[in-house]
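The values are calculated or read from the model by the stated rules, or taken from the named source; none is laboratory data. Because the structure is predicted, anything quoted here is derived from the model rather than measured. Cβ atoms come from the backbone with ideal geometry, glycine included; neighbour counts cover every protein chain shown. Accessible surface areas use protein heavy atoms only, side chains included; no ligands, DNA or RNA. Shrake-Rupley method; radii C 1.70, N 1.55, O 1.52, S 1.80 Å.
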Amino acid sequence: MPVERLAVDAAADATAAAERIRALVPGGGHVAEGVATLIDDVRRRGDAALLEHAGRFDRVGGAELEPLVVPDAELDGAVAALEPELRAALELAIENVGLVAAATVHEDRDVVLPQGQRVRVREVPVRRAAVYVPGGRAPYPSTAIMGVVAARAAGVDEVVVASPSDDPVLRAACRLAGAARVYRFGGAHGVAALALGTERVPRVDVLVGPGNLWVQEAKAQLAGEVGIDGFAGPSDLLVLADAAADPRLVALDLAAQAEHGDGSLVVLVTDDPAMQDAVWALLEPGIGGSAPLDETGAAYASVLVPDPETGLAVADAFAAEHLELVGPTIEPLAPLVRSAGCVFVGPSGATAFGDYVAGSNHTLPTDGAARFASTLSARTFRRTMNEVHLDGATGPLADAGIRIADAEGFVVHAASMRARQNGPGR
């Protein structure tokens, strides 16, 4: 695919540029009807539908899908077969992701209000969560780690993984990360089974993880019946670089994200025409083992801006899943970033480290959802719940509450508060 080249003269043009770049890859609307049909079939027929569609769409299906759950002995065997260096690498990733995830878990706290009442703000984990791991171009043990470790840090009672991949390293990662079980299915039908429950697949409370447009559309359609992390579809990266950045490092990072293939979107934003030309000259024939630019299946865009501030405006309007800030005039802008899934600062800040071992979670909002959505974390699996202790505050609160209830026409609300105006039972 050729590089879409744009020039943005002012920050006011940033939104239009971002929309033009986003249009280079398809959205999920064209699969909505097919996904709805699969969901309805699983809702009606349960396991029978799950097995049928797994046989059609997954790597394994039909009789090969039995048992639905990968046996513990198979998971243990996968761990035992790991090369020591690979096991150590997986354990390092698990430790780092766990440390960052634990930092997002808050203790219960009490808020004492002026009228004397006390509201305890509690965070409680969900009981059951599922992590979806794609099985397309490659196995993704890192994705299993990101989801399972975050859920366990949150205190979820039972964390399961669903994947159509039979990769032994993925299964070992699931075991090391602490998954309670691993299902052999994937796809929109698998998402439906986890969200709705079938005869043999218990319904989960939260379902997270990346996947293709069918998987993400299924999550979106079922969001009213299960908690989701958001749209975690094909990957995107925006690198904002100045003239002092190393074009080879920039090109390597763009090529690394393009490695995710069809639907991926990589963008260079710079105020230096020479940087722009150098990066694409390196990418065109392939770099670091990547395929030539026109063979990757990814979409590419290059935006020339007059200054770093305009570049930041483009980056914020684009709301990248991954944002890299590289160069002495660019890196100081990091505190000003408002819309990005994860920000990597400086020449050492390759997105690939975040994909595996940096400790940040690589399940991030895509397709511009970083405008309003957050990275996957322990908080994804926890709910805030208030616990109210009114004690002797009913008098002053009732005076105000009764007036509001009367204004809304809810007479029994008013009566309920009035009955406690002078204390309970009076």
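Could you grab me the full set of residues in the range 392-423 that are in a loop (DSSP other than H, G, I, E, B) and open to solvent by less than 20 Å² (accessible area, probe 1.4 Å)?
Of the residues in the range 392-423, the ones in a loop (DSSP other than H, G, I, E, B) are 409-410, 419-423.
Of everything in the range 392-423, just one residue is in a loop (DSSP other than H, G, I, E, B) and open to solvent by less than 20 Å² (accessible area, probe 1.4 Å), namely Gly423.
Give the range 209-232 a look and list any residue that's surrounded by fewer than 24 Cβ atoms within 10 Å (Cβ to Cβ) and of a type outside the set (A, V, I, L, M, F, W, C), or say none.
Matches in the range 209-232: Asn212, Gln221, Gly224, Glu225, Gly227.
Considering only residues that are open to solvent by 70 Å² or more (accessible area, probe 1.4 Å) and not in a loop (DSSP other than H, G, I, E, B), look in the range 368-391 and name the one that is farthest from Ala154 (Cα to Cα). If you could, list the steps in order and put the result at the bottom.
First, pick out the residues of the range 368-391 that are open to solvent by 70 Å² or more (accessible area, probe 1.4 Å): 371-372, 374, 379, 383-384, 386, 388, 390-391.
Next, from what is left, pick out any that are not in a loop (DSSP other than H, G, I, E, B): 371, 379, 383-384, 386, 388, 391.
Numbers: Arg371: 24, Arg379: 7, Arg383: 10, Thr384: 12, Asn386: 18, Val388: 23, Asp391: 32 Å.
Residue satisfying both the conditions and the ranking: Asp391.
Exactly one condition in (1) in a helix (DSSP H, G or I); (2) closer than 25 Å to Ser360 by Cβ; (3) touching a residue at least 60 places away in the same chain (Cβ under 8 Å) is false for Leu323; which is it?
Only one criterion in (1) in a helix (DSSP H, G or I); (2) closer than 25 Å to Ser360 by Cβ; (3) touching a residue at least 60 places away in the same chain (Cβ under 8 Å) is unmet by Leu323, namely (1).
Which ones in the range 337-354 are open to solvent by 30 Å² or more (accessible area, probe 1.4 Å) and either more than 22 Å from the chain's Cα centre (by Cα) or at pLDDT below 95 (or both)?
Pro347, Ser348
Determine which member of the set Pro141, Pro134 is farther than 20 Å from Ala223 by Cα and either out of contact with any strand residue (DSSP E or B) (no Cβ under 6 Å at 6 or more places or on another chain) or hydroxyl-bearing (Ser, Thr, Tyr) (or both).
Numbers: Pro134 fails: farther than 20 Å from Ala223 by Cα.
Going through Pro141, Pro134 in turn, the sole match is Pro141.
Just to be sure, is Val3 surrounded by 13 or more Cβ atoms within 10 Å (Cβ to Cβ) and touching a Ser or Thr at 6+ places or on another chain (Cβ under 9 Å)? Quick ask: steps written out before the conclusion?
Values: surrounded by 13 or more Cβ atoms within 10 Å (Cβ to Cβ): yes; touching a Ser or Thr at 6+ places or on another chain (Cβ under 9 Å): yes.
Criteria met by Val3.
From Thr329, Thr310, grab the single residue that is polar (S, T, N, Q), at pLDDT 95 or above and in a loop (DSSP other than H, G, I, E, B). Quick ask: steps written out before the conclusion?
Details: Thr310 fails: in a loop (DSSP other than H, G, I, E, B).
Answer to the selection: Thr329.
For Val206, are the conditions met, namely being open to solvent by less than 30 Å² (accessible area, probe 1.4 Å), more than 24 Å from Pro234 (Cα to Cα) and among the β-branched types (Val, Ile, Thr)? Break it down into steps so the answer makes sense when it comes.
On the way: open to solvent by less than 30 Å² (accessible area, probe 1.4 Å): yes; more than 24 Å from Pro234 (Cα to Cα): no; among the β-branched types (Val, Ile, Thr): yes.
No; evaluated as a whole, the condition is false for this residue.
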